[in-house]
Every structure is written in structure tokens, then in C-alpha cells.
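Worksheet for the structure shown next.
The values are calculated or read from the model by the stated rules, or taken from the named source; none is laboratory data. Not measured: the values here are computed from a predicted model. All Cβ positions, glycine included, derive from the backbone under ideal geometry; neighbour counts span all protein chains shown. Accessible surface areas use protein heavy atoms only, side chains included; no ligands, DNA or RNA. Shrake-Rupley method; radii C 1.70, N 1.55, O 1.52, S 1.80 Å.
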Amino acid sequence: YGYSLMAIGLGRLFGFHFPMNFNRPYEALNGRDFWRRWHMTLSFWIRDYLYLPLGGNDRYVRNILIVFVVCGLWHGAGWTFIIWGAYHAAFVLAYHGFRGPWDALPAPLQRALTFTIVSVGWTLFLFDFQGIAAFAHSLLGRGVDLMPLPTAEMWAVLALVAVVCFAVRFETIIERRATAGAGLRSAGMAALFVATVLFIDRSNDFIYFRF
């Protein structure tokens, strides 16, 4: 999301207007909604050039499986990525089959379940099969911890991430053209910039740099 925003912002400096690529995906209510918000340019490309030519909704289950496996391969050449794609296909198909009961749940619960399911799937991005097994054992207290216990600094980072993901719509604030409250908005953006600079030497390489 951050890399996409930087590309959009740099493009505007030179007169190019690139489309939005992420639309607050962690606010998604279900698997289908998630993929309408996550990596939107890829999702639309797969829809237009793969899903619809395969027949679209006429062969829904088959086509969903195909496009998500391809989506997994696009993210990385490995079995974990293929399984990750199949995992999301299963999530979307499960919602398709149980849409009524799912939609009857309160919206906050739908978001919490979707966030949890998506987050579990990210382990396929982070680890190979042995790493996933070690991670599972670590969670059960049966193996060596892969992550240190949370410190005050880690909680501060998580709090900042939670604010950016769920609380404040920074992209809406930035896009406003009205002059009213411009000073307050500028102060808020300056404070956010300072907060990011404080943690810049503690950041990890972008995950795609591994591929």
C-alpha cells in the first residue's frame, strides 16, 4: 500500500495519474470484498484477461480456482504461493456457498473474521513449509520462538499500524481540496511524517525484494 502511494504521488509530480491500488482492504467484510480492495489493478487485470475469457460466472468454481492459483504464481514461483492462491480461492468459494449466514453476522464480526483468515494466509508468504511448521509449533509453545516477546516499542509500532489501517483515513485527508482546516491537516501530516522517521531504521526490507 505504501509503495503504491509513493508511486501515485511521484507520478502526480510529473503529471501522471495512476489508479488507486488498495482501498483499505483490512476493512473488508468477506473474501470477495477483500479482493475488490486488495491489489486492485492486479485483480482487475485477472478479471478482464483471465476470468471473463474463461467464461466468468458460468463456470464459477473452476474459474475461481484457476484465477487464484495464477494469482498465487504471480506473487512468487513456489508451492507455498500456489497454496496461498488456493487458500484464498477456498475463502471466496466458502463465502459464495454460505453468503446468507455470513452476511447476517454483525459487520464488526465479519471484518474481524476476514482479517483473521487473511492474516493466517500471510504465513505462506513469510515461510516455506518447514518455517510454517516451526511457526505453528512456536504458537503452541512446542518449539523455539520465532519472534521475541512484544516490547513497548513493538506495541507502539502496532498501535501506529492500527491507526493507519483502521482509524484515520489519511488518504481522504490528503485528497481534500478545501482550505478550511488546512493548517490542522498539515500539522497532522507533519506529525505522521515524524512518527515514520522515528522508526525508519527499524524497518525490514519490503517482502517482494526476496523474490
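Distance between the C-alpha centers of the range 104-118 and the range 53-95? Whole Å please.
21
Residues of the range 54-73 with backbone nitrogen within less than 17 Å of a virtual label 7 Å along the Cα-to-Cβ line of Phe129, please, listed as ranges.
none
Using packing as a proxy for protection, rank 109-119, 190-200 so that the peptide with the highest average count of other Cβ atoms within 10 Å comes first. Working shown, then result.
Details: 109-119: 15.5, 190-200: 11.0.
Ranked by mean Cβ neighbours within 10 Å, highest first: 109-119, 190-200.
What is the distance, in nm, between label points placed 7 Å from the Cα along the Cα-to-Cβ direction at Phe98 and at Ala112?
The two pseudo-label positions are separated by 1.6 nm.
Suppose R0 equals 45 Å; then what is the FRET efficiency for Asn57 and Arg185 from their Cβ-Cβ distance, rounded to the nearest 0.05? Walk me through the numbers before you get to the answer.
On the way: r = 43 Å, r/R0 = 0.96.
For Asn57 and Arg185, the calculated efficiency is 0.55.
Over the range 18-119, what is the relative contact order in percent, taking alpha-carbon pairs closer than 8 angstrom and at least six residues apart? Please list the in-between numbers first.
Details: 95 pairs, mean separation 30.3, N = 102.
Computed value for the range 18-119: 30 percent relative contact order.
Ignoring ligands, DNA and RNA, what accessible area per residue does the range 1-78 give at 1.4 Å, in Å²?
Details: 4630 Å² over 78 residues.
Using a 1.4 Å probe on heavy atoms only, each residue of the range 1-78 averages 59 Å².
Just the Cα atoms of the range 1-49: what Rg and Dmax do they give in Å?
Spelled out, the Cα radius of gyration and Dmax of the range 1-49 are 12.1, 37 Å.
Multiply the residue separation of Ala152 and Ala77 by 0.36 nm, subtract the distance between their alpha-carbon atoms, and state the gained length in nm to one decimal.
Values: separation 75, 0.36 × 75 = 27.00 nm, distance 3.70 nm.
My answer for the length gained is 23.3 nm.
Over the C-alpha atoms of the range 55-122, what are the Rg and the largest Cα-to-Cα span, Dmax, in Å?
Computed over the Cα atoms of the range 55-122, radius of gyration and Dmax are 13.2, 38 Å.
Where does each of 37-47, 92-102, 78-88 land if you order them by average Cβ count within 10 Å, highest first? Don't jump to the answer; show the numbers that get you there.
Numbers: 37-47: 15.9, 92-102: 14.0, 78-88: 18.6.
Ranking the peptides 37-47, 92-102, 78-88 by packing returns 78-88, 37-47, 92-102.
Which whole-number percent of Cα pairs in the range 29-70 have a distance greater than 12 Å? Before the final figure, lay out the partial values.
Values: 503 of 861 pairs.
Every Cα pair in the range 29-70 considered, those over 12 Å come to 58 percent.
Per residue, what volume in Å³ does the convex hull of the Cα atoms of the range 1-128 enclose? If you can, show how the numbers build up before the last one.
Details: hull volume 15.3 nm³, N = 128.
Per residue, the Cα convex hull of the range 1-128 comes to 120 Å³.
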